[in-house]
Amino acid sequence: MARYIHQHEDWPGFQWDKDTIAHELAAVRHRQGRLLGRMESLGFDFRSEAVLQTLTEDVIKSSEIEGENLDREQVRSSIARRLGMDIGALAPVDRDVEGVVEMMLDATRHYADSLTKERLFAWHAALFPTGRNGMARILVGEWRDDRTGPMQVVSGAVGREKVHYEAPTASRVTVSDKLLDIYEQDGMKLEQLMAFSISDDHARQEQVWEIVSQSHNREPYVIRRMLTEKTVRAADRRVRFVGLEAYLAAGGPVMRDLFEADDGGWLQDPAILDRLVMEKLHAAAEDIRADGWKWVETALSFPWGHTRHFAEIDGKEIPLRPALPSAGHPLR
């Protein structure tokens, strides 16, 4: 059973019933309108205090989700200073609190801005200015890898950690930095970028984009087809014959599509698949030979027309004449 959303086969192809959630959305929108109306009726000082209180709660509660309990007065002081608000004596603020506040203010005040690679890396650097998480050195301002295992949100004492969330492996979410830059500059549509996530071969991704970008047909399906042209579909008859589990057990890698239904994905090592097919065919041939057949031939495939002159001979039972059964009795 999948524990995290990204472990579902159709992730991130989310589906929802609009009729089911329409009532709840309408209620939220109504409350939002009432809140904005009340805010307009307040004086400037009261509105500023409401903003300060709301942002403080956002930072506190967001940090609590990940097991971090920040000092409320430090958070309040940091926000007030950054917003230019006079709330009297400001409490000294730790660097870790400053980083969280800096990130949250950028996210909430500039929510309409593009979420670029540079912006994500800046948030990360604000949270981990020393390049360490406790005593452990971590990658800061870079795309993560899995050299130390998948990224996890953990709380609790050492040896008794509680894993709140485990992210997809880095190989599942990797796209060439060059393509990300092109996307950020509006040189590529989101659907096209999503299509490239099917492969973790950055050189091949960039090669395919060079070809597609000069073509009149830049549809995502073209990108997927080019990235998978040397693979085998999981629906291939060879895969059905040996079973996908046998291929995986033999160390064969599988390419999956993060954003589209892929019917089990694409097998990236045809040599392993063909070896497993031949081994299973040879075993089946030996069983047939054991039944007494003198000629048994196995192959992955036959040339076109190879079986044209082959015909199946159906045995036809001929009834014996009345005298033959009794004549055959002495022969037994």
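The conditions are (1) within 18 Å of Gln205 (Cβ to Cβ); (2) surrounded by 14 or more Cβ atoms within 10 Å (Cβ to Cβ), and Leu276 fails exactly one of them. Which is it?
(1)
Just the residues that are surrounded by 14 or more Cβ atoms within 10 Å (Cβ to Cβ) and not small (Gly, Ala, Ser), please, taken from the stretch 140-149. Show your work before the answer.
Going through the stretch 140-149, the residues surrounded by 14 or more Cβ atoms within 10 Å (Cβ to Cβ) turn out to be 140-141, 143-144.
Val140, Trp143, Arg144 - these are the residues of the stretch 140-149 that are surrounded by 14 or more Cβ atoms within 10 Å (Cβ to Cβ) and not small (Gly, Ala, Ser).
Looking at the stretch 228-261 only, could you name the residues that are free of Cβ contacts under 8 Å to residues at least 60 places away in the same chain and part of a loop (DSSP other than H, G, I, E, B)? Talk me through it step by step, then tell me what you get.
Step one: of the stretch 228-261, the residues free of Cβ contacts under 8 Å to residues at least 60 places away in the same chain are 228-237, 239-255.
If the condition is that a residue be free of Cβ contacts under 8 Å to residues at least 60 places away in the same chain and part of a loop (DSSP other than H, G, I, E, B), then Thr228, Glu229, Lys230, Thr231, Ala234, Ala235, Asp236, Gly243, Ala250, Gly251, Gly252, Pro253 are the ones that fit.
Is it fair to say Leu127 is modelled with pLDDT under 85 and either more than 30 Å from Gly264 (Cβ to Cβ) or assigned by TED's automatic domain parsing to the domain that holds Glu102 (or both)? Steps first, answer last, please.
On the way: modelled with pLDDT under 85: no; either more than 30 Å from Gly264 (Cβ to Cβ) or assigned by TED's automatic domain parsing to the domain that holds Glu102 (or both): yes.
In short, no.
Any residue at all in the stretch 306-320 that's at pLDDT 80 or above and of a type in the set (Val, Ile, Thr)?
The answer is no, given that none of the residues of the stretch 306-320 is at pLDDT 80 or above and of a type in the set (Val, Ile, Thr).
What about Glu118, is it in contact with a Ser or Thr (Cβ under 7 Å, 6 or more places away or on another chain) and either small (Gly, Ala, Ser) or not in a loop (DSSP other than H, G, I, E, B) (or both)? Walk me through it before giving the result.
Details: in contact with a Ser or Thr (Cβ under 7 Å, 6 or more places away or on another chain): no; either small (Gly, Ala, Ser) or not in a loop (DSSP other than H, G, I, E, B) (or both): yes.
Considered against the rule, which asks whether it is in contact with a Ser or Thr (Cβ under 7 Å, 6 or more places away or on another chain) and either small (Gly, Ala, Ser) or not in a loop (DSSP other than H, G, I, E, B) (or both), Glu118 comes out as no.
State all residues of the stretch 177-193 that are surrounded by 20 or more Cβ atoms within 10 Å (Cβ to Cβ) and either farther than 16 Å from Leu115 by Cα or out of contact with any helix residue (DSSP H, G or I) (no Cβ under 7 Å at 6 or more places or on another chain) (or both); if no residue qualifies, say none.
Gln192
Could you please let me know if Asp19 is surrounded by fewer than 12 Cβ atoms within 10 Å (Cβ to Cβ), charged (D, E, K, R), more than 24 Å from Val153 (Cβ to Cβ) and at pLDDT below 85? Write out each step before concluding.
On the way: surrounded by fewer than 12 Cβ atoms within 10 Å (Cβ to Cβ): yes; charged (D, E, K, R): yes; more than 24 Å from Val153 (Cβ to Cβ): yes; at pLDDT below 85: no.
Answer is no for this residue.
For Asp96, state whether it is at pLDDT below 85 and part of a helix (DSSP H, G or I). It would help to see each step written out before you state the result.
Values: at pLDDT below 85: yes; part of a helix (DSSP H, G or I): yes.
Considered against the rule, which asks whether it is at pLDDT below 85 and part of a helix (DSSP H, G or I), Asp96 comes out as yes.
If you go through the stretch 252-299 one residue at a time, how many are within 13 Å of Val239 (Cα to Cα) and either basic (Lys, Arg) or in the same structural domain as Arg204 (by TED's automatic domain parsing) (or both)?
Final tally of qualifying residues: 2.
If I filter the stretch 65-87 for residues that are surrounded by 15 or more Cβ atoms within 10 Å (Cβ to Cβ), part of a helix (DSSP H, G or I), of a type in the set (Asp, Glu) and in contact (Cβ under 8 Å) with a residue 12 or more places away in the chain, do I get at least one hit?
Within the stretch 65-87, not a single residue is surrounded by 15 or more Cβ atoms within 10 Å (Cβ to Cβ), part of a helix (DSSP H, G or I), of a type in the set (Asp, Glu) and in contact (Cβ under 8 Å) with a residue 12 or more places away in the chain.
Restricting to the stretch 194-223, count the residues that are buried (at least 16 other Cβ atoms within 10 Å of the Cβ), in a loop (DSSP other than H, G, I, E, B) and not acidic (Asp, Glu).
Qualifying residue count for the region: 4.
Restricting attention to the stretch 14-21, does a residue exist that is closer than 30 Å to Leu180 by Cα, of a type outside the set (A, V, I, L, M, F, W, C) and within 37 Å of the chain's Cα centre (by Cα)? Spell out how you get there, then give the answer.
Residues of the stretch 14-21 closer than 30 Å to Leu180 by Cα: 14-16.
Those left that are additionally of a type outside the set (A, V, I, L, M, F, W, C): 15.
Retained after the next criterion (residues that are within 37 Å of the chain's Cα centre (by Cα)): 15.
Checked against the condition, which is being closer than 30 Å to Leu180 by Cα, of a type outside the set (A, V, I, L, M, F, W, C) and within 37 Å of the chain's Cα centre (by Cα), the stretch 14-21 yields at least one hit.
Table: residues versus (1) in contact with a helix residue (DSSP H, G or I) (Cβ under 9 Å, 6 or more places away or on another chain); (2) surrounded by fewer than 12 Cβ atoms within 10 Å (Cβ to Cβ); (3) over 29 Å from Gln192 (Cα atoms).
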| residue | (1), (2), (3) |
| --- | --- |
| Leu90 | yes, no, yes |
| Val101 | yes, no, yes |
| Leu105 | yes, no, yes |
| Thr116 | yes, no, no |
| Phe121 | no, no, no |
| Pro129 | yes, no, yes |
| Met151 | yes, no, no |
| Arg160 | no, yes, yes |
| Thr169 | no, no, no |
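Is it true that Arg119 is modelled with pLDDT of 85 or more and more than 26 Å from Asp71 (Cβ to Cβ)? Spell out the reasoning first.
Numbers: modelled with pLDDT of 85 or more: yes; more than 26 Å from Asp71 (Cβ to Cβ): yes.
When the stated conditions are applied, Arg119 passes them.
Go through (1) farther than 30 Å from Leu35 by Cα; (2) in contact with a Lys or Arg (Cβ under 9 Å, 6 or more places away or on another chain) one by one and return the number of the condition Ala125 breaks.
Only one criterion in (1) farther than 30 Å from Leu35 by Cα; (2) in contact with a Lys or Arg (Cβ under 9 Å, 6 or more places away or on another chain) is unmet by Ala125, namely (2).
The values are calculated or read from the model by the stated rules, or taken from the named source; none is laboratory data. These figures come from a predicted structure and were not determined experimentally. A quick note on method: Cβ atoms are made from the backbone with ideal geometry, for glycine too, and the neighbour counts reach across all protein chains shown.
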